[in-house]
Amino acid sequence: MLRSPRALLLDFGGVLADAPPQPPAPPELVRRLSRLVDGAVSERQIAADLTGGARRYSAWRDDAGRTADPVELPHARVWAEFVTASWPRPARDAVDREATPLSYAWTWRADWAVRPGIPEALGAATGAGLPLAVVSNTLCGAAHRDFLAAEGLAGSFAAQFYSDEAGPRKPNPRLALLAAEAVGVPIGDCWFVGDTLGRDVECARRAGAGAAILMRSPRTDREPPHPALVPDARVEDGHGLLALLRQA
């Protein structure tokens with residue numbers, strides 16, 4: 001049986017919320033970029049560069065995750081390095097000026113849904129006096145914040161830490177340590193709940209979290225094996241997390 005936590009640190013995607021895969025070049029974002037650059041780049045090229053950019057950014061995230069202390073890239077740099085490198089200078093400059101709202105639009109998912117059992121698990125944790133914090137890698141944390149607020153869940157969290165705002169990217173333990181500091185609980189007394197071994201469980205281990213809880217998601221199923229990373233417990237969803245909390 002796990003030792004009872006004094007705080008919970010939770011990932012966003014795959015734990016608090018999930019969504020079906022989104023095309024990397026949403027038509028609305030393509031049209032928005034076309035208007036922004038005043039037609040200097042065709043919509044077909046914009047869509048192709050968004051698709052390729054998403055692939056390149058994903059590869060960069062994977063590579064960064066294998067370094068000692070990965071940090072997130074600024075919004076403008078993501079666009080400049082992965083999407084607009086071949087665009088005319090005025091078009092690149094226009095995107096650079098709007099990099100943050102464009103990153104929000106690229107991050108936002110209209111079909112995000114709160115995972116089953118999460119409201120119940122959060123309610124039970126806060127009712128028991130456990131402070132909660134979000135610890136998430138993302139291109140734009142503001143989109144995650146707005147989703148949680150719209151779902152009435154933002155008030156459950158004492159703090160929210162996103163890689164684009166804080167700097168460190170999981171598995172950099174600093175992101176988890178910042179969250180533990182913010183809620184005023186030693187990391188060794190926190191449960192870290194995530195849906196990946198290579199980012200979440202490794203982050204929990206490197207930070208010294210009291211327990212690493214793996215919640216299954218589509219990303220969990222696609223992840224390559226990590227034989228050296230074994231979570232302290234596995235749950236299917238928020239209902240499983242609630243049951244684990246009750247046992248502890």
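The values are calculated or read from the model by the stated rules, or taken from the named source; none is laboratory data. Keep in mind that what you see is a predicted model, and the values were worked out from it rather than measured. Glycine gets a Cβ as well: all are built from the backbone with ideal geometry, and neighbour counts include every protein chain shown. To get the accessible areas, we keep the full protein, side chains included, count just its heavy atoms, and leave off ligands, DNA and RNA. Shrake-Rupley method; radii C 1.70, N 1.55, O 1.52, S 1.80 Å.
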Practice item. Can you give me the number of residues within segment 175-215 that are open to solvent by 10 Å² or more (accessible area, probe 1.4 Å), free of Cβ contacts under 8 Å to residues at least 24 places away in the same chain and among the small types (Gly, Ala, Ser)? Key: 1
Study note, to complete from the structure: Log entry, pairs with first residue in segment 41-61 being hydroxyl-bearing (Ser, Thr, Tyr), second being part of a loop (DSSP other than H, G, I, E, B), beta carbons closer than 7 Å, six or more apart or on different chains, reads THR51/PRO24; THR51/ALA25
Check your understanding: So GLN160 fits all but one of (1) touching a His at 6+ places or on another chain (Cβ under 9 Å); (2) without any contact (Cβ under 8 Å) to a residue 12 or more places away in the chain; what number is the exception?
Key -> (2)
Exercise for review: Could you grab me the full set of residues in segment 71-92 that are more than 20 Å from ALA166 (Cβ to Cβ) and open to solvent by 30 Å² or more (accessible area, probe 1.4 Å)?
Suggested key: ALA80, GLU81, ALA85, SER86, PRO88, ARG89, PRO90, ARG92
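Residue under question is PRO20, and the condition is that it be within 18 Å of the chain's Cα centre (by Cα), assigned to a loop (DSSP other than H, G, I, E, B) and surrounded by 14 or more Cβ atoms within 10 Å (Cβ to Cβ); does it hold? Talk me through it step by step, then tell me what you get.
Working: within 18 Å of the chain's Cα centre (by Cα): yes; assigned to a loop (DSSP other than H, G, I, E, B): yes; surrounded by 14 or more Cβ atoms within 10 Å (Cβ to Cβ): no.
Taking the combined requirement at face value, the residue does not satisfy it.
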Check your understanding: Quick one: is VAL95 open to solvent by less than 50 Å² (accessible area, probe 1.4 Å), in contact (Cβ under 8 Å) with a residue 60 or more places away in the chain, under 24 Å from VAL37 (Cα atoms) and not hydroxyl-bearing (Ser, Thr, Tyr)?
Key -> yes
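Within segment 79-119, how many residues turn out to be in a helix (DSSP H, G or I), within 21 Å of the chain's Cα centre (by Cα) and of a type outside the set (A, V, I, L, M)? Even if it seems obvious, please write down each step before you answer.
Within segment 79-119, the first condition is being in a helix (DSSP H, G or I), and the residues that meet it are 79-82, 89-97, 99-107, 118-119.
If we keep only those that are within 21 Å of the chain's Cα centre (by Cα) too, we end up with 79, 81-82, 99-107, 118-119.
Pick out the ones that are also of a type outside the set (A, V, I, L, M) and you get 79, 81-82, 100-101, 103-104, 106-107, 119.
Selection size over segment 79-119: 10.
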**Study point:** Matching residues in segment 228-245 - criterion: being small (Gly, Ala, Ser), over 21 Å from VAL114 (Cα atoms) and not in a strand (DSSP E or B)
**Key:** ALA228
Point to revise | Residue satisfying all of: in segment 57-70; part of a helix (DSSP H, G or I) and over 18 Å from LEU29 (Cα atoms); most open to solvent (accessible area, probe 1.4 Å) among these | key: ASP63
Check your understanding: Within the bounds of segment 48-55, is there any residue that is modelled with pLDDT of 95 or more, in a helix (DSSP H, G or I) and open to solvent by 60 Å² or more (accessible area, probe 1.4 Å)?
Key -> yes
